[in-house]
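Every read-out reported here was derived from the displayed coordinates using simple, explicitly stated rules and does not represent laboratory data. None of these values were measured; they are calculated from a predicted model. Because the Cβ atoms are built from the backbone with ideal geometry, glycine has one as well, and the counts that use them run over all protein chains shown.
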Amino acid sequence: MYQLSIDPVKPADFPAEETILALGRQVLESTESWKVGKVFSKGTVQTLSRAKGPGDGAPWHCRISEHTKEDATFDEFWSKIGVNKAENEKEFISAIKKATLVKRISETQSIWTMYYTFPPPVSPRVFTVLQTIHFHELAPRTGLVVSIPVDLSGPGDEDLAKLEEKGTKGRYVSVERLLELDDGTVEWRMATSSTPGGSIPTFITEGSMPGQISADVPHFLKWFHTIRNQGTA
């Protein structure tokens, strides 16, 4: 039985869309009981974690932040996270140098590959994922994006694999949710499990995860406010 993990999935074996979304919701619900970690970004981003369990390839990490409309409204958040997510991430996550659409499966599912570069001696990394997107219009409005790692090395996927950059294959699974609260505030919650691949020691990557995922929040807001002020958001 499929579960969300860093184990990559071949396109022929993709689970049903509803299965992916249901598992994503389960992960987010389970974060309520995860171990509370450090707070980042001047007290605005709370981190949580869960040790590696049965079927997990790596531990899980979560970040939670709440945002007033001065930061961004629900619609503004969703327009950047629920639409062209990978391309937008390239704009505010400096390590992502390239985001390529490998295959659009439907309006709500697509395969993306991202090319990351890091300071030496770390070599470039390639992460390829299936993104499944769901928008719930009834109150409380909710946007969900579940990304699972994809393996394009199998027979029949050669043309798709050609779109991947050359680099060490990393893998991540993530569940990201935007939730519109009663007062219009937006809760942004993201849970992820990952491995960078290669020979980087686990204790180094795991130790830096809370800070890394938390940094995405101020980076997003800085980028979004720049384009909002320019009138191009």
Cα centroid distance between the stretch 109-162 and the stretch 183-233, in Å?
15
Global form of the stretch 1-139, assessed from the alpha-carbon gyration tensor, a/c cut-off 1.5:
rounded
When every alpha-carbon pair in the stretch 70-167 is counted, what percent end up more than 21 Å apart?
40
Per 0.36 nm of contour for each residue apart, how much would the distance between Tyr2 and His225 grow if the chain were fully extended, relative to their Cα-Cα spacing?
76.4 nm
For the chain, whose charge dipole is built from +1 on Lys and Arg Cβ atoms and -1 on Asp and Glu Cβ atoms, the candidate among Ser123, Ala95, Ile133 with its Cα farthest towards the positive end is Ser123
Ordering of 67-75, 150-158 by burial proxy (mean other Cβ atoms within 10 Å per residue, highest first):
67-75, 150-158
What shape does the chain have by the C-alpha gyration tensor, where a ≥ b ≥ c are the square roots of the eigenvalues, rounded means a/c under 1.5, and otherwise prolate means a/b greater than b/c and oblate the rest?
rounded
Pop the C-beta distance of Asp182 and Ser123 into the FRET formula with R0 = 45 Å and round what comes out to the nearest 0.05.
0.45
Using the basic label-point model (7 angstrom from Cα toward the beta carbon), what is the Ser106 to Lys35 distance in nanometres?
3.8
Run lengths n ≥ 4 of DSSP H only: what is the helix-derived mean residue ellipticity at 222 nm for the chain, with -39500 (n - 2.57) per run over all residues, to the nearest 500?
-8500 deg cm²/dmol
Once Lys and Arg get +1 and Asp and Glu get -1 on their Cβ, which of Tyr172, Ile200, Ala12 lies farthest toward the positive end of the dipole of the chain?
Ile200
Output the antiparallel fraction of DSSP beta bridges having both residues in the stretch 11-230, as a percent to the nearest 5.
95
Lys, Arg +1 and Asp, Glu -1 on Cβ, resulting dipole of the stretch 11-230 about Cα centre, debye, nearest 20:
820
